[in-house]
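The values are calculated or read from the model by the stated rules, or taken from the named source; none is laboratory data. It should be emphasised that the depicted structure is a prediction, and the values quoted were computed from it without experimental measurement. Cβ placement follows ideal geometry from the backbone for every residue including glycine, while neighbour counts extend to all protein chains displayed.
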Amino acid sequence: MKQQLAALFLVQQQDSKIDALKRRFSLLDSGKEDKVAYDAAEATHKKGLEALHRASGELKDAELEQKQTETKQSDFEKKLYSGKVTNPKELQSMQDEVEMLGRLKVKQDDRILELIEAVDKCKAENKVTLSALKASRASLADKVSRYQVDAQAIRDEAQAIVAGRGKLAAEVPPMLLKRYEAMRPTKAGVAIVGIEDGNSCGGCKMALPSGLVTLIRAGEGIQLCQNCGRMLAEGLEPTT
């Protein structure tokens, strides 16, 4: 039984290493927060581009409308001063139209200036958001790259441990191994421990009765700690 428990303890050590790797893996930064930040930066930049597109379109329309106004005003002025129109009422009507178009052009000038300022502001803001987006993209790419490297290193290490664990488990009687595997989830992953300091449980550190220690050293069956319920074996280092 001593040899069987010794083999089982080696299995426990491998399982503890695998558990430690799982904890390390769970703590890896996969870049989720960076992805959220990148998505936000991308959305902000996209919104800015849409605003720039709208402002640029409005500016183009305003400039086209102003050009049409200038053309109408020019046509009326040519007729007004051509000398071909002599009817006073018609001349007055044309004069009124020229003045109205002049006032409209002034409003259009003001609108165009506003839109030019809006376009310039959008361009400046987009320059900032684009820079932030590039920085966020670089940060995300770096985080993902490091995650992939670290995750693969853990997978490789775990694969090697699992292979070794399989060979060790083959040396443990099936029923004993089954009992061990059933106990692990209820014992924080550690189902078998050694005696420490001559008479202490390697799991809970409580002192063991001398009679129990004698049975363990004699290899008399499977002995359990009366406090934590873990299997006990002699001369084994505590699990880590």
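Considering every residue within segment 104-125, establish whether at least one is in a helix (DSSP H, G or I) and closer than 30 Å to Val144 by Cα.
yes
For segment 1-49, give me the residue count where each residue is outside any helix (DSSP H, G or I) and either out of contact with any helix residue (DSSP H, G or I) (no Cβ under 9 Å at 6 or more places or on another chain) or not acidic (Asp, Glu) (or both).
Qualifying residue count, segment 1-49: 4.
Restrict the check to segment 60-79 and report whether at least one residue is aliphatic (A, V, I, L, M) and loosely packed, with under 12 Cβ neighbours inside 10 Å.
Scanning segment 60-79 turns up at least one residue that is aliphatic (A, V, I, L, M) and loosely packed, with under 12 Cβ neighbours inside 10 Å.
Determine which member of the set Leu177, Leu215 is out of contact with any Lys or Arg (no Cβ under 6 Å at 6 or more places or on another chain), at pLDDT 95 or above and within 16 Å of Lys2 (Cα to Cα).
Leu177
Among the numbered conditions (1) in contact (Cβ under 8 Å) with a residue 60 or more places away in the chain; (2) among the charged types (D, E, K, R); (3) more than 14 Å from Ala6 (Cβ to Cβ); (4) in a loop (DSSP other than H, G, I, E, B), tell me where Glu171 comes up short.
(3)
Just checking, does segment 124-133 include any residue being in contact (Cβ under 8 Å) with a residue 40 or more places away in the chain, surrounded by 13 or more Cβ atoms within 10 Å (Cβ to Cβ), acidic (Asp, Glu) and assigned by TED's automatic domain parsing to the domain that holds Asp39?
Yes, segment 124-133 has at least one match.
Determine whether Lys35 is surrounded by fewer than 16 Cβ atoms within 10 Å (Cβ to Cβ) and without any contact (Cβ under 8 Å) to a residue 12 or more places away in the chain.
Spelling it out, it is not the case that Lys35 is surrounded by fewer than 16 Cβ atoms within 10 Å (Cβ to Cβ) and without any contact (Cβ under 8 Å) to a residue 12 or more places away in the chain.
In segment 103-120, what residues are surrounded by 14 or more Cβ atoms within 10 Å (Cβ to Cβ) and either touching a strand residue (DSSP E or B) at 6+ places or on another chain (Cβ under 7 Å) or more than 22 Å from Thr69 (Cα to Cα) (or both)?
Ala118, Val119 - these are the residues of segment 103-120 that are surrounded by 14 or more Cβ atoms within 10 Å (Cβ to Cβ) and either touching a strand residue (DSSP E or B) at 6+ places or on another chain (Cβ under 7 Å) or more than 22 Å from Thr69 (Cα to Cα) (or both).
Can you pull out every residue in segment 201-235 that is under 46 Å from the mean Cα position of the chain (by Cα) and assigned to a strand (DSSP E or B)?
Listed by number, the residues that qualify are Cys201, Leu224, Met231, Leu232, Ala233.
Just the residues that are exposed (fewer than 13 other Cβ atoms within 10 Å of the Cβ) and under 12 Å from Val119 (Cβ atoms), please, taken from segment 38-59.
His53, Gly57
For residues in segment 174-199 being free of Cβ contacts under 8 Å to residues at least 60 places away in the same chain and in a loop (DSSP other than H, G, I, E, B), which is surrounded by the most Cβ atoms within 10 Å (Cβ to Cβ)?
Residue satisfying both the conditions and the ranking: Lys187.
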